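Here's the structure we're looking at; comments come further down.
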Amino acid sequence: MRIAALLSALSLAFSASSFAAETPIAIVIHGGAGTILKKDITPAQRIAYHAALRKAVKRGHQILDAGGNSEDAVIAAITAMEDSPLFNAGHGAVLNHRGEVELDASIMRGEDRNAGAIAGVKTIKNPILAAREVMHHSPHVFMAGEGAETFAAERQLPLVDNTFFITQRRQLQLQRIHAHERKTLDDRAGTVGAVALDKHGNITAATSTGGMSNKRYGRIGDVPVIGAGTYADNRSCGISATGHGEYFIRAAVAFNICSQSRLLNISLQQAADNVVLEELVTLGGDGGIVGLAPNGEVVVSFNSAGMYRAWIDASGNEHSAIFKND
Ligand code: ASP
């Protein structure tokens with residue numbers, strides 16, 4: 001009897017340790033994609049971006065490492081980037097045609113596919129926190145404008161004047177666009193996103209943005225559209241996108257990638273490349289995605305010159321990059 005009990009204790013211990021090895025944690029983030037050219041970025045700016053990305057990804061990873069959940073991890077990474085003036089989210093976001101900041105954000109959990117999103121808000125200091133409140137404390141998935149702001153106030157999130165978000169860099173950028181009467185909505189890189197996998201196997205994806213520079217007021221992009229800019233499903237993926245939002249909505253990018261990988265039984269990387277390097281290119285949409293597969297595999301795909309990105313993989317290795325390879 002005793003030997004049997006010992007053997008069963010040993011087998012329990014063995015399965016617990018193999019379970020631990022089979023429950024990887026990982027996090028991947030982006031800070032936007034676009035025409036980011038080596039010649040346009042100074043060495044000091046490059047260092048600043050790498051440092052900001054690594055700080056954000058480490059904030060998220062620390063939570064996962066301590067046994068925390070993927071939702072808290074992505075929130076930690078995204079709020080760090082919303083608070084940084086380097087990125088097109090929160091403080092430092094791009095300006096619309098009227099010179100105001102209008103923010104969009106969303107979050108989705110792969111465990112139960114619950115989600116929350118907000119769009120076109122002008123006073124919520126950290127939009128991703130409002131998206132999370134919509135997910136947890138409302139019967140809705142998607143709220144916009146004044147109603148979303150009233151809801152955020154009721155949830156006691158910090159509100160600020162719109163001028164809080166506006167930086168001189170973005171004002172100059174808008175002036176340049178107006179001066180050249182450019183029809184295109186470029187210079188927008190800097191949307192932020194994060195995808196994390198926790199030790200319970202739960203994936204969460206989240207994205208936050210100021211949208212496109214010089215956009216019409218009232219324009220809403222892909223970021224708060226669940227299935228376009230953000231999607232998570234523990235069976236297949238977590239995806240956060242960045243790029244020319246109109247195209248990402250039309251190609252249902254994040255859901256499309258997750259579905260291809262699950263239904264065609266192909267790797268998440270292959271599915272991401274199908275959508276980002278083929279479908280989007282055919283439509284004419286530039287940008288990219290970061291994602292995680294349920295096994296912790298990090299996926300990155302972009303068809304633009306660069307994409308700010310960083311990740312800490314399942315082996316604990318830390319990476320950050322801006323251009324194709326560095
Ligand atoms: N996707 C965002 C939007 O269209 C912008 C970006 O990611 O650069 O609003």
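Put +1 on the Cβ of each Lys and Arg and -1 on the Cβ of each Asp and Glu in the range 163-262; which of SER240, HIS180, ALA228 then has its Cα farthest toward the positive end of the dipole? After comparing all options, I get HIS180. Once you reduce the range 196-247 and the range 156-182 to the center of their Cα atoms, the two points are 22 Å from each other. When a/c is below 1.5 the answer is rounded, else prolate if a/b is larger than b/c, else oblate, so apply that to the range 267-326 with a ≥ b ≥ c taken from the square roots of the Cα gyration tensor eigenvalues. Cα axes put the range 267-326 in the oblate bin.
Taking 0.36 nm per residue of separation and subtracting the current Cα-Cα distance, fully stretching the chain between ASN317 and SER267 would add 15.9 nm. Using the alpha-carbon atoms, what tilt in degrees (0 to 90, nearest 10) does helix 2-21 show relative to the longest principal axis of the chain? Result, in degrees: 20. Projecting label points 7 angstrom from Cα along Cα→Cβ for ARG54 and GLN156 puts them 3.7 nm apart. Name the shape class, rounded, prolate or oblate, that the alpha-carbon gyration tensor gives for the range 35-118, where a ≥ b ≥ c are the square roots of its eigenvalues, rounded holds for a/c under 1.5, and otherwise prolate holds if a/b is larger than b/c and oblate otherwise. In terms of gyration-tensor shape, oblate. Restriction of the trypsin sites (Lys or Arg not before Pro) in the range 192-262 to DSSP coil positions whose beta-carbon has at most 12 other beta-carbons within 10 angstrom yields ARG216, ARG235.
Rounded, prolate or oblate, given the Cα gyration tensor of the range 180-326, with a/c below 1.5 counting as rounded?
Note, shape of the range 180-326 comes out prolate.
Each principal axis of the Cα cloud of the chain was evaluated for its coordinate range; sorted largest first, these ranges are 85, 44, 38 Å. Checking the Cα-Cα distances for LYS199/LYS324; LYS122/LYS324; LYS58/LYS199; LYS125/LYS199; LYS39/LYS125 against a 26 Å cut-off, the pairs over it are LYS199/LYS324; LYS122/LYS324; LYS125/LYS199; LYS39/LYS125. Under a Gaussian network description of the chain, with springs only between Cα atoms under 10 Å, the residue in ASP104, ASP40, ASP72 that fluctuates furthest is ASP40. Ranking LEU197, ALA48, VAL299 by Cα position along the charge dipole of the chain, where only Lys, Arg, Asp and Glu carry charges on their C-beta atoms, puts ALA48 farthest toward the positive end.
Only the Cβ atoms of Lys and Arg (+1) and of Asp and Glu (-1) were treated as charged; on that basis the dipole of the chain about its Cα centre amounts to roughly 540 debye.
Among ARG169, ARG109, ARG132, the residue with the largest mean-square fluctuation in a Gaussian network model of the chain, with springs joining Cα atoms closer than 10 Å, is ARG169.
Think of each Lys and Arg Cβ as +1 and each Asp and Glu Cβ as -1; about the Cα centre, that makes the dipole of the range 84-188 roughly 340 debye.
In the chain, which longest range has no GluC sites (Glu not before Pro) that are both DSSP loop (not H, G, I, E or B) and surrounded by at most 15 other Cβ atoms within 10 Å? The longest such stretch corresponds to 182-326. Rounded to the nearest 20, the Cβ-based charge dipole of the range 37-153 about its Cα centre (Lys and Arg +1, Asp and Glu -1) stands at 600 debye. The angle separating the long axis of helix 127-137 from the principal Cα axis of greatest extent in the chain is about 50 degrees. As a length-normalised measure over Cα pairs under 8 Å and 6 or more apart, the relative contact order of the chain settles at 24 percent. With 0.36 nm allotted per residue and the present C-alpha distance subtracted, the ARG113-ASP40 stretch has 22.3 nm of extension available.
Within the shell defined by Cβ-Cβ distances under 14 Å, the residues around ASN256 carry a net charge of -3, with Lys and Arg each +1 and Asp and Glu each -1.
The slack between SER138 and HIS178, meaning 0.36 nm per residue of separation minus the straight C-alpha distance, is 10.4 nm. Using just its DSSP H runs of length 4 or more, each adding -39500 (n - 2.57), the chain gives a mean residue ellipticity at 222 nm of -11000 deg cm²/dmol after division by all residues. Please determine, in degrees from 0 to 90 and to the nearest 10, the orientation of helix 145-154 with respect to the longest principal axis defined by the Cα atoms of the chain, where the helix direction is its Cα long axis. Between helix and principal axis, roughly 50 degrees.
Since every read-out is calculated from the coordinates, none of them should be taken as a lab result. Since the model is a prediction, treat every value here as computed from it, not as a measurement. Here Cβ is always computed from backbone atoms with ideal geometry, including for glycine, and neighbour counts include all displayed protein chains.
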